[in-house]
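Worksheet for the structure shown next.
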Amino acid sequence: MPSRIGSIIAIADMKSAGILDALPDGRKAKSSMEGINEICRALLLRRTPLCPTAKLVAEEGRKGNPHFPLERTIFNSYSKVVRIWKKAYYDVMNIDADAPIDENEVERIDTSVMEPSTGDLVDRLKEIVSELLQRCNVLKRIIDEGVPVPAGGLPEGIGADEIMARLKDWLQSLYSSGFDLSDLGLKVSRKTPPGTRIMGGPLLDELRTFIEDYERVQKTRRARND
């Protein structure tokens, strides 16, 4: 019987094969997609798996091929196969995590059957998740308004929807992470295993970049209104 990680890899192989089979043979697009797919797969099969971002895939590809697609090209033209392997990466890294739930299911959590202390904590968590989702939706609306930005102002390698989805997954993972969440904030508890990762490096980097991009958009908007 294949391992769960093996099954995740097999599913990603099947999905990416479906995309590749739909491309005409002999075209540059297909050969580029095949190269990107191979690198994404190799990154996941490393002893310590790496998240196949467009930037990392471009860097790895250009080590052996100077004509390998650039980060922006990968994001614009080949993002489907990268997203498949990103999903596989998060499935592998969260191998023991329960399946995520959406915000509607969070709202339906019944705290009346819990111990008072546990129920109060879960109610507080529900409030935090709701507040963060509202803030994320506001940010998405600001971006979706299509504020004009000078050429090169916003890197095309950052997808707001994808970052929001990953942030949402991270917030939901806090339920089983072993951390304590109170009015004072998120902190390590006695139940938190030593070395537990608070947040993955790729998500942290993308959030930092996302905030910088948002600030740049706001600066451009103010300049246009002055």
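Summary of computed values
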read-out: Label-to-label distance, nm, for residues given as R216 and L23 (7 Å Cα→Cβ offset); value: 2.8 nm
read-out: Highest to lowest packing among 121-129, 188-196, scored as the average C-beta count within 10 Å; value: 121-129, 188-196
read-out: FRET efficiency estimate (nearest 0.05) - Cβ-Cβ, S130 to T73, R0 45 angstrom; value: 0.70
read-out: Additional length obtainable on full extension of the chain from T209 to R62, 0.36 nm per residue less Cα span; value: 50.6 nm
read-out: Nearest-0.05 FRET efficiency for E107 and S31, computed from C-beta distance (R0 35 Å); value: 0.15
read-out: Neighbour-count ranking [beta-carbon atoms within 10 angstrom, fewest first] of W170, W85; value: W170, W85
read-out: A42 paired with D120, simple spin-label distance in nm, labels 7 Å along Cα-to-beta-carbon; value: 5.5 nm
read-out: Cα gyration tensor shape of the stretch 4-93, rounded if a/c is under 1.5, else prolate or oblate by comparing a/b with b/c; value: oblate
read-out: Candidate lysines for bridging to K63, where Cα separation is under 22 Å - those fewer than 8 sequence places away on the same chain excluded; value: K28, K30, K55, K86
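Values quoted throughout were computed directly from the atomic coordinates according to the rules given, and no laboratory measurement underlies them. Given the structure is predicted, the values throughout are model-derived calculations rather than measurements. Positions of Cβ are backbone-derived with ideal geometry, glycine not excepted, and every protein chain shown enters the neighbour counts.
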